[in-house]
Amino acid sequence: MSNLVISDLHVDVLTEEGPKQILKGVDLTVNSGEVHAIMGPNGSGKSTLAYAIAGHPKYEITSGSVTLDGVELTDLTVDERARQGLFLAMQYPVEVPGVSVANFLRTAKTALDGKAPKIRTWVKDVENVLNRMNLDSSFSARSVNEGFSGGEKKRHEIAQLELLNPRAAILDETDSGLDIDALRIVSEGVNRYSAQGDRAVMLITHYTRILRYIDPTFVHVFVDGRVVDQGGRELADKLEAEGYEAYVKAAAANV
């Protein structure tokens, strides 16, 4: 079982002018087998939530808690959170020149498991996952994200998700910049991961198009650092038709 529990989370982003409050008391529970879509306009705090949970040093948790299977993540370093079973697929994956995809994946797997995977089975596992992501065999020899297209970067992120198989996955706008074919391939990878039934998924997105391929258990609307509405798939359909304007106006009126 994998349960990600966020309780009354307040987060500041550290800027040159000083700390700026972004999250203003977020409560959210993602249980095993669930997919939670986090939606909202630009600047609403969606990505801040992702990076704060993952432990990015630019984002300071000022109060509240985040637990994964009962373990308080805010007490842990970034690598300790990963070993606890947390995974973040980044909106803008970073280039790592000189480190091949093959070496990166094997090193990550070794760090998480505490032992190196068996070469024969691991090579086959990597080939199978890359093939499902429509990435050819030469992809393994390329430097991580260096010269990758936007679609290749996102498919590589989901290949990591499948190979590392964390307890809980946060996907930060994995659908951004993808054409329809890449969107379908990425969504299929997320669905395979989620179909295990004991994994938790938080899917951050601006748009509803990825939800045509990934069926959310719950949809949450973020505005001004808070969850202002939540529901099922019907809420995503409402957002598709009406947008966020009414939520933004309501939030501004309450300031």
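The set of residues from segment 146-186 being over 15 Å from the mean Cα position of the chain (by Cα) and part of a loop (DSSP other than H, G, I, E, B) comprises GLU146, GLY147, PHE148, SER149, GLY177, LEU178, ASP179. Would you mind stating whether ASN191 is at pLDDT 95 or above, surrounded by fewer than 18 Cβ atoms within 10 Å (Cβ to Cβ) and out of contact with any Leu (no Cβ under 7 Å at 6 or more places or on another chain)? Judged against the criteria, ASN191 is a match.
The single residue among VAL30, VAL26, VAL11 that is out of contact with any helix residue (DSSP H, G or I) (no Cβ under 8 Å at 6 or more places or on another chain) and either surrounded by 23 or more Cβ atoms within 10 Å (Cβ to Cβ) or in contact (Cβ under 8 Å) with a residue 40 or more places away in the chain (or both) turns out to be VAL30.
Only one of the numbered conditions (1) free of Cβ contacts under 8 Å to residues at least 24 places away in the same chain; (2) part of a helix (DSSP H, G or I); (3) not hydrophobic (A, V, I, L, M, F, W, C) is violated by ASP229, and that is (2).
Would you call GLY150 surrounded by fewer than 20 Cβ atoms within 10 Å (Cβ to Cβ) and in contact with a helix residue (DSSP H, G or I) (Cβ under 6 Å, 6 or more places away or on another chain)? No; evaluated as a whole, the condition is false for this residue. Looking only at residues in segment 74-95 that are modelled with pLDDT of 95 or more and within 21 Å of GLU173 (Cα to Cα), the one that is surrounded by the fewest Cβ atoms within 10 Å (Cβ to Cβ) is VAL78. Consider ASN134 carefully, then state whether it is surrounded by fewer than 18 Cβ atoms within 10 Å (Cβ to Cβ), in a helix (DSSP H, G or I) and either of a type outside the set (Lys, Arg) or modelled with pLDDT of 95 or more (or both). Against the criterion (surrounded by fewer than 18 Cβ atoms within 10 Å (Cβ to Cβ), in a helix (DSSP H, G or I) and either of a type outside the set (Lys, Arg) or modelled with pLDDT of 95 or more (or both)), ASN134 does not qualify.
Scan segment 53-69 and report the pairs whose first residue is part of a strand (DSSP E or B) and whose second residue is modelled with pLDDT of 95 or more and among the acidic types (Asp, Glu), with Cβ atoms within less than 8 Å and a gap of 6+ or a chain change. What qualifies is TYR59/ASP12; GLU60/ASP12; THR62/ASP12; SER63/ASP8; GLY64/ASP8; SER65/ASP8; SER65/GLU72; VAL66/GLU72. Might you let me know whether segment 71-86 holds any residue that is part of a helix (DSSP H, G or I) and more than 30 Å from ILE6 (Cβ to Cβ)? The answer is no; no qualifying residue exists.
Scanning segment 194-204 for residues that are farther than 24 Å from THR110 by Cβ and either part of a loop (DSSP other than H, G, I, E, B) or modelled with pLDDT under 95 (or both) gives ALA195, GLY197.
The values are calculated or read from the model by the stated rules, or taken from the named source; none is laboratory data. Values in this document were obtained by computation on a predicted structure and should not be read as measured data. Ideal geometry is used to build each Cβ from the backbone, glycine not excepted, and the neighbour counts take in all protein chains shown.
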